[in-house]
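To start, the structure under review is shown below, and the notes come after it.
The values are calculated or read from the model by the stated rules, or taken from the named source; none is laboratory data. If you're wondering where the values come from, they're calculated on a predicted model, not measured in any experiment. Cβ sites come from the backbone with ideal geometry, for glycine too, and all protein chains shown count toward neighbours. Accessible surface areas use protein heavy atoms only, side chains included; no ligands, DNA or RNA. Shrake-Rupley method; radii C 1.70, N 1.55, O 1.52, S 1.80 Å.
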Amino acid sequence: MSSPSPSMSPGSPQAPRRRRLRDGYVASLVSAVVTLVVFGVLLALGPWVRHPAPDFISEVGTNLEAQLKVDEEDLDVIGVYGLSFDGICSFTTPSGTPGMSERRHVRSVDYGAEEWHLVQTLEVTESGTYDISCDNRNTEFGLASTYVADSAGRRQFTWAITWITLPVLGLATTVAIAVVTRRRDRQKKAAASGRH
């Protein structure tokens, strides 16, 4: 018959208790993880947010020929986007006269995952049906508003501010929570040692 194990005396060494991570440090770790996730999302979405693809109002294709009906309230400038700067488009107004167009300078900025370039603008000055013809069998063209190109500078600036500000705020929050929690720990330890 085995004898019962002796109970631990008050002076016996006890197994060390595992220190529980304080809530402040948990919050700091969560903040750091969220900051990293946000940073990753910003990196992934960057190209599409900074330079989205044009919203085409015509079929996209080589040697593009399109008819575009324009109402009076839609008079504006139409953009011709291409996958390269080769080729040229011409168009005829509803009254049968050649339309005014302007070639755009070669720029490094492109739009969308397929890398469209704004290659030409067409002035739409009267309502009716426009006949548009683009001549190049080696590259695709499409018609869309010039808004994507016109707002590129403002959009890039907003994106740059967002890209910098959000991760910096997340990092600052992480560090601030950790510092405050550590300071409170030290104050509690100092108060506890002062009572002994």
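Starting from 0.36 nm per residue, how many nanometres of slack lie between residue 115 and residue 65 once their C-alpha separation is accounted for? Could the numbers behind the result be given before it?
On the way: separation 50, 0.36 × 50 = 18.00 nm, distance 2.12 nm.
Extra length from residue 115 to residue 65 when fully extended: 15.9 nm.
Give, in whole angstrom and from largest to smallest, the semi-axes √(5λ) of the equivalent ellipsoid of the range 89-196, with λ running over the eigenvalues of the Cα gyration tensor.
Calculated on Cα positions only, the semi-axes equal 63, 14, 9 Å.
Between residue 25 and residue 158, the FRET efficiency estimated from the beta carbon spacing at R0 = 30 angstrom works out to 0.30.
Using the Cβ-Cβ distance between residue 33 and residue 180 with R0 = 22 Å, the FRET efficiency computed as 1/(1 + (r/R0)^6) comes to roughly 0.75. In terms of the mean number of neighbouring beta-carbon atoms within 10 Å, the peptides 134-145, 54-65, 154-165 order highest first as 134-145, 54-65, 154-165.
Let me check I have the definition right: for the range 28-116, take the eigenvalues of the Cα gyration tensor, multiply each by 5, take square roots. What are those semi-axes in whole Å, largest first?
Values: eigenvalues 319, 47, 23 Å².
Taking √(5λ) for each eigenvalue gives 40, 15, 11 Å, largest first.
To put it simply, the accessible area of the range 58-103 at a 1.4 Å probe is 45 percent carbon and sulfur.
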